[in-house]
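Taking it in order: structure first as structure tokens, then the write-up.
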Amino acid sequence: MQVENFINGRFRAAQSGDTFVKLEPATGEALAAVAASSQSDVDSAVAAAKVAFETVWRRTSAAQRGLKLLHLADLLARDAETFVSVLSREQGRPEMEMRMMDLPMSVDTLRYFAGWADKLEGRTIPTAGSMGRATLNYTELEPVGVVAQIIPWNAPLMIGIWKLAPALAAGCTVVIKPSEDAPVALTHLMRLVAEAGIPEGVVNVVNGIGPTTGRALCTHPDVAKVSFTGSTEVGRAIARDMAGSFKPLTLELGGKAAQILLADADVPRAIDGLLLGLFANQGQTCAAGSRILVHASIANAVAAQLAAATDSIVVGRPQEAHVRMGALINARHRARVAEYIERGHQDGARLISGGRQVPDGGFFVCPTLFVHEDPNSTLAREEVFGPVGVVIPFEDESEAVRIANSTRYGLSTSLWTQDVGKAHRLAREIDVGSVAVNCWSPLDARLAWGGRRDSGTGFDLSRHAVMAHLQEKSITISL
Ligand code: NAD
């Protein structure tokens, strides 16, 4: 399979002809030869986006922009099964997860932001006037221009659409840089972008390696805004590269979510939620609830139930219907996760589930669960981004809040209790962007998604995402 760039409405190889190989996580075999773009490809894509912004998209009526997004949503819904299969192969994730989560949310996100396109209104503002005369003062919301969108591999289509939809609704044009580990589905989406009649140059894709292609895109002088989702380290490097440019930057970075189980929690209901929070997408989610804080009075019983449930998770080829956990994204990442498991043993954590045989050939890791009293261990503080969790007992609510707030991340937390007063009280004390009570971080286009501290700045989704692509202009007319 060849994965090319999509520039000015046409698929094309990198100008140098260079490619790199993307492997299939569940087999370890070559899946695609992907364009390895250089500065000249980035220049072509940004130039196409700039012309399309100036001459076409910002001048397209807001209602028309909304209709194009609705059309794209319908096409994606039509081709959902194709995308389920493509995503599952490129990510090694069970098809069931794509069917339940990534595809419906991608379609819904396009429709949600389509609705925003013609509801972006300015204001009229009363003032004392100017130079002795009354004035009419009003504002207009203008799109910022060409937006660089840098996408991670863990949910490429869904996160790609989280960024694409609000930008297009606002009247911006975009250049997308997919992850080198997940370029297939997002590039494939460009066929639907063309079919939906979105004009040439409005949406462009340049594939390539992060520190070369991604960096060239983020630092391009004609890019007006960068929207990045990925690791905290790369987010920090991009922020450094852009320092002094004064361009707006959205950074959706890493996480280390706590899942807090109070003594009065509905445990049977919580077990399902805790496992989903911990193991969805093989634990490769920014919201992965890999710190399970359990009140000491129920910690042993909860740990035993979690261990039994983890033991029964079937790991295998993502296309098989009974499989609940697929492969990690690549061999390097599998080795990194294996090091964290080893580190858990060295730090004296007690293994309660793990070590089972996994299939040969792909980048599989057995789901692994430890118990450790120390809330400051490496496993309890660092983002593993794999199917590895640690159960940490706590004595009272203030200790739970202190542990939950003790990492450098501040993305999301879930909380399990039957006492509504406690839920509200603790939700206020936890320093993260999203708190979920009696469920695991429900992602929805209408809810803002963004982190604090080392989890980033700005938001994807909700009205905030569309506003982040607009700038307000004040206009004063002397009457
Ligand atoms: P990554 O930071 O390695 O890569 C992300 C993207 O950045 C890729 O497209 C990569 O090619 C590009 N890139 C790398 N170096 C670059 C540079 N110098 N300049 C510009 N672009 C560059 O992250 P990843 O491994 O793809 O994704 C996993 C990380 O993403 C985890 O930390 C996870 O928590 C985070 N994440 C966060 C959210 C969120 O919403 N907060 C969502 C998903 C994933």
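The values are calculated or read from the model by the stated rules, or taken from the named source; none is laboratory data. Bear in mind the structure is a predicted one, so any value in this text is a computation, not a measurement. We place every Cβ from the backbone using ideal geometry, glycine too, and count neighbours over all the protein chains shown. Surface accessibility is based on the protein's heavy atoms, side chains included, excluding ligands, DNA and RNA. Shrake-Rupley method; radii C 1.70, N 1.55, O 1.52, S 1.80 Å.
Residues of the chain were split at every exposed loop site, defined as trypsin sites (Lys or Arg not before Pro) in a DSSP loop with at most 12 other C-beta atoms within 10 angstrom, and the longest piece left, sites excluded, is 124-355. Close amide H pairs (under 5 Å, H built 1.01 Å from N) link L293 with Q259, I260, L261, I392, residues at least 5 positions away or on another chain.
Ranked from largest to smallest solvent-accessible area, with a 1.4 Å probe on the protein heavy atoms, E90, E429, E95, E4 come out as E429, E4, E95, E90. Ligands, DNA and RNA are left out, and with a 1.4 angstrom probe the accessible area of segment 98-175 is 36 Å² per residue. Measuring max minus min along each principal axis, the C-alpha atoms of segment 15-126 give extents of 64, 39, 26 Å (largest first).
Taking the Cα centre of segment 153-274 as reference, the dipole from Cβ charges on Lys and Arg (+1) and Asp and Glu (-1) amounts to some 360 debye.
The chymotrypsin sites (Phe, Trp or Tyr not before Pro) of segment 204-311 that meet both conditions, a loop assignment by DSSP and at most 13 other Cβ atoms within 10 Å of the site Cβ, are F246.
Note on the chain: percent of Cα-Cα distances in each 10 Å bin, starting at 0 and stopping at the bin with the largest distance, equals 4, 20, 28, 25, 15, 6, 2, 0, 0. Cross-link check: pairs K68/K177; K50/K163; K22/K225 evaluated at a Cα-Cα cut-off of 26 Å; pairs beyond the cut-off: K22/K225.
Measuring nothing but protein heavy atoms, the accessible surface of the chain at 1.4 Å probe radius is 53 percent carbon and sulfur. Projecting the Cα atoms of F394, P248, W57 onto the charge dipole of the chain, computed from C-beta unit charges around the Cα centre, puts W57 farthest toward the positive end.
Under a model in which nothing but the beta-carbon of Lys, Arg (+1) and Asp, Glu (-1) is charged, the chain shows a dipole of about 1120 debye around its Cα centre.
For segment 167-228, the Kirkwood estimate of the hydrodynamic radius, built from every pair of different alpha carbons, is 12.5 Å.
Over the chain, what is the relative contact order in percent, taking alpha-carbon pairs closer than 8 angstrom and at least six residues apart? Relative contact order here is 19 percent. Fully extending the segment from R12 to A296, taken as 0.36 nm per residue of separation minus the present Cα-Cα distance, adds 96.3 nm. Enter the angle in degrees (range 0 to 90, nearest 10) between the Cα long axis of helix 232-242 and the first principal axis of the Cα atoms of the chain, meaning the one along which they spread out most. Helix 232-242 and the main axis of the chain meet at about 20 degrees.
Summary of the geometry: segment 145-178 and segment 1-63, compared by the centres of their Cα atoms, lie 13 Å apart.
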